[in-house]
Amino acid sequence: MPSISARYYDGITSRRQAVEVSLHPEGLAIFSGEGFVVARWPYAAIRRIEGFRGTGLAITRVPEPGSSAEPRLEVDDPAFAAELSARAPLSLTGAEGGRRERRSVVLWALAAVVSLMGLAYWGLPALASSIAPLVPASVEQRLGAAMDPQVRTEFGGPRGLKTCSAPAGVAALADLVGRYERAAGLHVPLTVVVLDSGMVNAFALPGGYIYVMRGLIDKARGPDEVAGVLGHEIGHVRHRHGLQAAIQSGGLAFLLGTVFGDFAGGTAILIASRTLLSSAFSRDAERQADAFGVDLMLRAGGDPEGLARFFRIAGADGMPGVLTWLNSHPAGPEREAAIRKLAENKPVVAPALSPAQWQALRAICSTTS
């Protein structure tokens, strides 16, 4: 069969060469325009490259030992293509192996994603209470610090909530927090602030961050109620309930972030922050925090009756926002009774705050920063 024109790529550079090809008993011969032999391909080594859009075919050859080059020859002549097909095993295409390899990669990737989702939605919630104690305190503190601006934005909009900073009120709060912190035996230091919001709310984040809203102080009828709520939130810190919730809610984002490149975990922090602000802890977690708060008050000052009383006081008003703390810390008569039973016949060692300190704390938001 006479030679015909074709296009040749050597598989090493991207340069296209105009060549002549011809069929011989031992295989395919490729010649340069000047008549020099460029390559000889045995028929047994020739493979079809699928996806060629011309009228003929595109072929390659099995790499020679020690070579990684993948040469390519494009032939437009249909008669030449038919003759070559009769001589070479073109049904064994080089592209098929590549296709199979790509399918395998895709299937393994899908299996990995499904496994991650299963671990995040079923495995992590079950393991969160076991994982949380293993997290270093320094890591938990960094997580809380990263969540702090998100919390302020969630409640205060783009500008965030301001911190109440009247000096006398800050001093009164620091005195109460200091006594409780010394008695609590925590793994992290406490960072307790009052935020200038009318919502009746208080909550704890991982790493010892506790927020008390101005509305809760305004609603309380005495210092024992604020101290009781503070002791309860310290209980959540002590038992690392916030970290457990963050692992459960942000676990999928942390895992997928690692796979797809979000190594800072920003997505997870956003998800975990919003989950902690919008959902309740388990009943067991609330009972643990209640018991810890009662014990803390009995050791460091305050009447635990204040915590039980605050549930009833906060729930007595139907105004919007008043039930915020109760919604995130669901209480029932049995919890009030349990708190009173824990404190039954046990003396109050000291007042939570003096009358002057209580008045200062009530005015803490007269100055903000």
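Consider residue 204 carefully, then state whether it is at pLDDT below 95, crowded, with 24+ Cβ neighbours inside 10 Å and assigned to a strand (DSSP E or B). Considered against the rule, which asks whether it is at pLDDT below 95, crowded, with 24+ Cβ neighbours inside 10 Å and assigned to a strand (DSSP E or B), residue 204 comes out as yes.
Taking the stretch 165-192 as the region of interest, how many residues are among the basic types (Lys, Arg) and over 15 Å from residue 226 (Cβ atoms)? Before the answer, list the steps.
At the first step, the residues of the stretch 165-192 found to be among the basic types (Lys, Arg) are 179, 182.
Within this subset, residues satisfying the condition of being over 15 Å from residue 226 (Cβ atoms) are 182.
Total meeting the criteria: 1.
Within the stretch 205-239, being more than 33 Å from the chain's Cα centre (by Cα) and not aliphatic (A, V, I, L, M) holds for 218, 219, 221, 222, 223, 224, 225.
Summed over the stretch 149-192, residues that are crowded, with 19+ Cβ neighbours inside 10 Å and touching a Phe, Trp or Tyr at 6+ places or on another chain (Cβ under 6 Å) total 1. Which residues, counting only those in the stretch 128-164, are at pLDDT 85 or above, part of a loop (DSSP other than H, G, I, E, B) and either touching a Leu at 6+ places or on another chain (Cβ under 9 Å) or within 21 Å of residue 231 (Cα to Cα) (or both)? Those that are at pLDDT 85 or above, part of a loop (DSSP other than H, G, I, E, B) and either touching a Leu at 6+ places or on another chain (Cβ under 9 Å) or within 21 Å of residue 231 (Cα to Cα) (or both): 161, 162.
Results for (1) at positive phi; (2) of a type in the set (Asp, Glu); (3) modelled with pLDDT of 95 or more, shown as yes or no for each residue.
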{"site": "234", "(1), (2), (3)": "no, no, yes"}
{"site": "238", "(1), (2), (3)": "no, no, yes"}
{"site": "280", "(1), (2), (3)": "no, no, no"}
{"site": "286", "(1), (2), (3)": "no, yes, no"}
{"site": "289", "(1), (2), (3)": "no, no, no"}
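Considering only the stretch 55-69, state which residues are within 14 Å of residue 21 (Cβ to Cβ) and part of a loop (DSSP other than H, G, I, E, B). The answer is 56, and nothing else.
Consider residue 139 carefully, then state whether it is touching a strand residue (DSSP E or B) at 6+ places or on another chain (Cβ under 9 Å) and not basic (Lys, Arg). No: the conditions fail for residue 139.
The values are calculated or read from the model by the stated rules, or taken from the named source; none is laboratory data. Being a predicted model, the structure only gives us computed values, none of them experimental. Please note: Cβ atoms are built from the backbone with ideal geometry, for glycine as well, and neighbour counts cover all protein chains shown.
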